[in-house]
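Trainee: Input: one structure, supplied below.
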Amino acid sequence: MPKLTRQQIIIISIMVLVVLYGLYDFFIVPRTKSVSVDFGKKSAELETFTADVMANMTKGPLSANDTYTINRAETEWKRDPFYEKKSFRDWRMLKDPKAGKDSISEPGFNYSGYLKFDKKEMAIINGIEYEPGNNLEIEGYVLEKISPDRVVIVNKKSRSRFEVSLQD
């Protein structure tokens, strides 16, 4: 029998340890038993807890701090901190294209990316890549010009030109 190298001895000893642990885990360690839950009992406990909370909430008048907090929560905001005019305008134009005729960009176009390979430029509009002169997915529109921050789109029927800014 050939003599084993140090590396082979280490690998074989690790393998023996893993096999011994597997045997220990499979045969010696007791398996956990599933605990049955009585949902009727838990439901009754929950109902009594809820009744206790409701009974204690109605006891006594509210403190001045609680009254102030409730009144502030019920009043309308003068300025919504999450409101952005640009986002709302874009959303409104997508929902009702006739409402946004006076805006700079045509509704329904989302310029989301700019690519440049050597001398070839591409724009990603509504998730599709276009080159200058390509017809857009929405009929009657042609991509005329591409720049890193905006594209120029032409309506073939009305010959109107408009710019769509790059969306962040």
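The values are calculated or read from the model by the stated rules, or taken from the named source; none is laboratory data. Predicted model only: the values in this text are computed from it and were never measured.
Trainee: Which helices (runs of 4 or more DSSP H) sit wholly inside the stretch 1-120 and have at least 2 residues that are modelled with pLDDT of 85 or more and among the charged types (D, E, K, R)?
Mentor: Filter on the stretch 1-120 gives 39-57.
Trainee: Please state which one of 53, 29 is within 39 Å of the chain's Cα centre (by Cα) and not polar (S, T, N, Q). Write out each step before concluding.
Mentor: Working: 29 fails: within 39 Å of the chain's Cα centre (by Cα).
Checking each option against the conditions leaves just 53.
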